[in-house]
Amino acid sequence: MNLKRILVVITDEETGKLAETTLQLDGYSVIRVTDALNALEYARLNKPDLVIVDIDMPRMEGLTLNRRIRHDREIHFVPIIMLTSARTHPEDRIAGLKLGADDYLLKPFVPQDLSIKVSRLIIRGEEHRAFSPLTRLPGNYALEAEITKRIESRKPFAACYFDLDDFRQFNDHYGYEQGDRVLRFLSMIISGAQNQWGNKGDFLAHLGGDDFVLVTAQDKVKAVCDQVIHEFNHIIPDYYEEHDRKSGFITVLSRKGESRKFPLMTISVAVAPNESSSIKHYAQLLDILNEMKHYAKKQPGSVWVKDRRQQTITKE
């Protein structure tokens, strides 16, 4: 069973250590950082199950970190607990809740109070993530249950992980509203390919952001992936403005203020077949899919790749 991951962002050593020890004793995996900028980057890369933020932070104070998390498409759903002190102005506490914090805890805190708040918010977060509010598809927990059921049945299946290339840059350039349109479009074409080529019992999940996973029969993979790639490549230029379509790229400013060019989006698909019941648990499947995804993203254009022991590359 995977431990729930909690990101603790506290500058004070004593308070941070108390929070870390309390949560570890409760059975959580805890990562503690003291800098909000590093915390934001960690959250984007690792998608913790909950974040605890001290309202007073160097470089980027707690309220700003709170707002940045809530406005980030990849981690906006993560529950947040604010730590405040008796000296914290009530208006700041209210501002934190308005910016999206789910709860707050007064310092110095009683460990039991922290445990109760964390447990409650993680349960609520799991309920919220059962379905994607954008696509209405099942999420992470439903996918894990489906994969576990299939592994235990010992029947062959294949998991197809769909991921967009340069989607974050598209979001930065065109905004989240247009990015959401792209995600709904992607959901639609995967569902369409599944309905046309897949089986009745196939399972499609939206893990958040631009990550989708389809569980289907091994002999359906090629037809499904080929159709998704074909339709994506044909239609995705319509989501760009005319001058970007003609030039074949968009220009985006990096966080350092540097101008960079990014091509029109492509799609990478990683496929992990469970032949001869070789995959024994969900985490093992995710490791294979991540390995294949990284390999796919190194290839030019839109591609789908299968586990390297029986590798297939198809592109347009």
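Bear in mind that the values in this text are calculations on the coordinates, not laboratory data. The structure displayed is predicted, hence computed values, not measured ones. Positions of Cβ are backbone-derived with ideal geometry, glycine not excepted, and every protein chain shown enters the neighbour counts.
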- Task: For the stretch 22-33, just list the computed ³J(HN,Hα) in residue order, Karplus coefficients 6.51, -1.76 and 1.60, θ = phi - 60°, integers in Hz, with x standing in for Gly and Pro.
- Result: 4, 6, 5, 5, 7, x, 9, 8, 10, 10, 10, 10
- Item | Extension gain (nm, one decimal) between E258 and K155, 0.36 nm per residue minus Cα-Cα | 32.0 nm
- Express the C-alpha Rg of the chain as a ratio against the empirical globular expectation 2.2 N^0.38 Å, rounded to two decimals. 1.09
- Tell me the label-point distance for the pair D238, K98, using the 7 Å Cα-to-Cβ offset, in nm and rounded to one decimal. 4.1
- Distance in nm between pseudo-label sites at S278 and R136 (7 Å out along the Cβ direction from Cα): 3.8
- Check D56: other-chain or 5+ apart residues with amide H under 5 Å from its amide H, H built from backbone geometry? G62
- Estimated FRET transfer efficiency (T11, S115; beta-carbon r; R0 22 Å; 0.05): 0.50
- Message: So if I take the centroid of the Cα atoms in the stretch 7-71 and the same for the stretch 175-246, what is the distance between those two points in Å?
- Response: 34
- Label-point separation, D226 to N290 (7 Å along Cα→Cβ), nm: 3.2
- Theoretical ellipticity at 222 nm over the chain - DSSP helices of four or more residues, -39500 (n - 2.57) apiece, nearest 500: -14000 deg cm²/dmol
- Distribution of pairwise C-alpha distances over the stretch 5-128, 10 Å bins, in %: 14, 52, 32, 2
- Message: To make sure I understand the rule: partners must be lysines, Cα under 16 Å from the Cα of K306, and not fewer than 8 residues away in the same chain. Which ones qualify?
- Response: K220, K222, K293, K297, K298, K315
- Query: So what is the relative contact order of the stretch 165-316, in percent, for Cα pairs below 8 Å that sit 6 or more residues apart?
  - Reply: 21
- Karplus 3J(HN,Hα) series, Hz, for the stretch 131-147 with 6.51 cos²θ - 1.76 cosθ + 1.60 (x for Gly, Pro): 9, 6, x, 7, 9, 6, 8, x, x, 4, 6, 5, 5, 4, 5, 5, 5
- Message: Could you derive backbone 3J(HN,Hα) for the stretch 193-199 from the dihedral phi with the Karplus parameters 6.51, -1.76 and 1.60 (θ = phi - 60°), listing whole Hz in sequence and x where the residue is Gly or Pro?
- Response: 5, 4, 5, 7, 10, x, 10
- Message: Just to be sure I understand: if I project the alpha-carbon convex hull of the stretch 140-315 onto a plane and average over all orientations, what area do I get in nm²?
- Response: 10.3
- Message: List the trypsin sites (Lys or Arg not before Pro) within the stretch 165-208 that DSSP assigns to loop and that have no more than 15 neighbouring Cβ atoms inside 10 Å.
- Response: K200
